[in-house]
1. Using amide H atoms built in the peptide plane, which far-off residues or other-chain residues are under 5 Å from residue 632 H to H?
2. Let me understand the stretch 404-556 better: what is its radius of gyration from the alpha carbons, and its Dmax, in angstrom?
3. Per the Kirkwood treatment, what hydrodynamic radius in Å, one decimal, follows for the stretch 1-132 from the mean inverse distance over all distinct Cα pairs?
4. Using θ = phi - 60° and the Karplus curve 6.51 cos²θ - 1.76 cosθ + 1.60, what whole-Hz ³J(HN,Hα) does each residue of the stretch 400-407 get, with Gly and Pro shown as x?
5. Running Debye on the chain with equal point scatterers at the Cα sites and no solvent, what base-10 log of I(q)/I(0) appears at q = 0.05 Å⁻¹?
6. Suppose R0 equals 22 Å. What FRET efficiency, 1/(1 + (r/R0)^6) with r the Cβ-Cβ distance, do residue 188 and residue 224 give to the nearest 0.05?
7. Mind computing the radius of gyration and Dmax over the alpha-carbon atoms of the stretch 334-473? Å is fine for both.
8. Give the long-range amide H neighbours of residue 537: residues separated by 5 or more places, or on another chain, with amide H under 5 Å away, using H modelled in the peptide plane at 1.01 Å from N.
Amino acid sequence: MTAYPHLLEPLDLGFTTLKNRVLMGSMHTGLEDNFWNFDRLAAYFAERAKGGVALMVTGGFAPNRAGELSPFGSRLSSKFQVNRHKKVTSAVHKEGGKICLQILHAGRYGYHPFVVSASAKKSPISLFKPRQLSSSGVERTIDDYSKSAKLAQAAGYDGVEVMGSEGYLISQMLNKRTNHRTDEWGGSYENRMRFPVEIVRRMRAAVGPKFIIIYRLSILDLVEQGSSEEEIIQLAQAIEAAGATMINSGIGWHEARVPTIVTSVPRAAFVWATQKVKEAISIPIIASNRINTPDVAEEILASDKADMISMARPLLADPDWVNKAQNGTPEEINICIACNQACLDHTFTYKRASCLVNPRACHELELLYLPTQSPKKVAVIGSGPAGLAAATVAGQRGHKVTLFEASDKIGGQFGLAAQIPGKEEFHESIRYYTNLIKKYDIELKLNHRATAQDIITRNFDEVIVATGVAPRLPSIPGINHEKVISYQGLLSAQKVLGKTVAVVGAGGIGYDVCEYLCVEGKSPTLDLDEWNKEWGIDTSGTLRGGLDLSGDGLLESPRKIYLLQRKTSTFGKSLNKTTGWVHRALLKKKQVEMIGGVNYNKIDDDGLHITINEQESRVLDVDHIVICAGQESQRSLYDDLKANAGDRFNIHLIGGADLAAELDAKRAIKQGSILAAGI
Ligand code: NAP
Ligand code: SF4
């Protein structure tokens, strides 16, 4: 008896049956943009089909040139492009999977000068002002969607998904925010919604009854002048009547200032909105966003809130997600921590997507963890992200691994990150590695600070030093004052500080520490009602766009916080592309006072003495000062081994111990994995 009966139950669509309720949602990987990457794209999807996913959706393909996301980006509009897609569809079908092509017209979100939209109004996140589509241009665009769907059918796809959410062209045509037209495509909601309804109606007529059409409906726009709940339901019913097979849930326009996918968004945060639409339609509806474990997915299906679950990033993180749920080993799932660091941050900077916790994602043909023909004795010293990745990949390949850890638990920087409210998912990565250590019979030596002598006297073939970093302590007079604490000391002991705190250093960790200090008690990420209030999400269905701009529900910070940096540049510039704005917005909401151009003069009983821009002197009368001034590599063991081990074994240095300046779990895990794949 499986623990996930609803998740694993087939879904009969009338003309075809999906083997379970897992859909791999659309995710642009960058591989779609160039024909020479289609072998890689095929391998990427084939691996996920093999992993048990019932149905997958490709990244977005534009139906015409104006609809491209970027110049010469992915597009399916000509029969000459069909053959390359056959590589993808045949590879997926060979593994027993099904796949739909997503048709996405970017509208004014396109990053090129030929962009078009409902009206000639630039989006706040775009570089290019769009040209307003003429009435006949609208007609031609609708036909281009159908043509693209016909080409997808010819390429062997099982269906298409019409991207009708996230603020792309269809959203732009639907909403008064962006549609100021006076022709038959503007004005009343009936007029505006004809665009998506006609797309689906003509597409169904073109492809016949036995082809999946998923319509990605914006169930919550999260922007001013977005759709009302009534309009969303009216559209869902019209889309069903026009011939869609299923409806997928899209949440938030890209220009929305409410987070929808980052790690601090509670799991399954928007399923309530999916459920409202489900109650008004009879075709299956798919729930999406921040669903990453089989337990959460099963609960949604069992309580009849949705008929299917969409996950994109979780299947980048673990292509075998479904098989592991099916085989009763969910604890072995490599959970997506919703960091965006290697997937969306790459996509939005035109780099090939991958995954922080799974560097093989989108590199299936290049990075292989093959069983070793000559098992070796491998020592890994340090169990942070780099050491864990190296140890477990080596163990998976059949090497005999011993993992040394000076503290009483594994995880390193991951363990610290997990203490930040909104970063609870990092516990999952530690859980995953804990299980792999058992699975691959890795000898784990906790509370064991390995010395060079220790290692030299054992007969290892390969020694991997991943001893990490130590927090940098700047040389400010009074740095040893009792008010001062390092971020490591603060987070590892989960200390509660006084009512006024200064944070020295405004990098990623300075921001994290401010978020830690802004919350006392339960993390809003673990309390959906609180989180909705904090970000102004209206679940009552009375406010347009689902947005409550009154600011009434905001939780005040329990303490006054100063965030300081020596630079005079904008705060938070080093934060990641797709998540940095969330951290900046949160600290602004919490009224954290940011002071740049700071010179730290001294610390004493009066507090932190600073000079700002070499002009203004201030004493910040604070109870505590948290130092987040970067890190320094801990590589003395490596140097000792290099000096004393001779040629007894190969010595490798990875992670923060190798490069503290770029302390970054993405680099650490990739470096550890590549090294272990090659020994
Ligand atoms: P960081 O980004 O390098 O920031 C260190 C901060 O300390 C800087 O703001 C720097 O600013 C200041 N600083 C450096 N030397 C100093 C000194 N001697 N005295 C006083 N201030 C000094 O390092 P981090 O915050 O430790 O983060 C490390 C890495 O972790 C990042 O690169 C990031 O990849 C990752 N991370 C990211 C996030 C996120 O994006 N949310 C969260 C956590 C960690 P000034 O020189 O201007 O004072
Ligand atoms: Fe998830 Fe981060 Fe991997 Fe993206 S990079 S799939 S968000 S774990």
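The values are calculated or read from the model by the stated rules, or taken from the named source; none is laboratory data. Nothing here was measured: the structure is a model prediction, and the numbers come from that model. Note: ideal-geometry Cβ built from the backbone for every residue, glycine included; neighbour counts use all protein chains shown. For accessibility, only protein heavy atoms count, side chains too; no ligands or nucleic acids. Shrake-Rupley method; radii C 1.70, N 1.55, O 1.52, S 1.80 Å.
1. 470, 472
2. Cα radius of gyration and Dmax of the stretch 404-556 are 21.0, 71 Å respectively.
3. 16.3
4. Residue by residue, the stretch 400-407 yields 8, 10, 10, 10, 9, 9, 6, 8 Hz.
5. These q points yield log10 I(q)/I(0) values of -0.25.
6. Step by step, r from the Cβ atoms, then E = 0.65.
7. 16.1, 49
8. The answer is 548.
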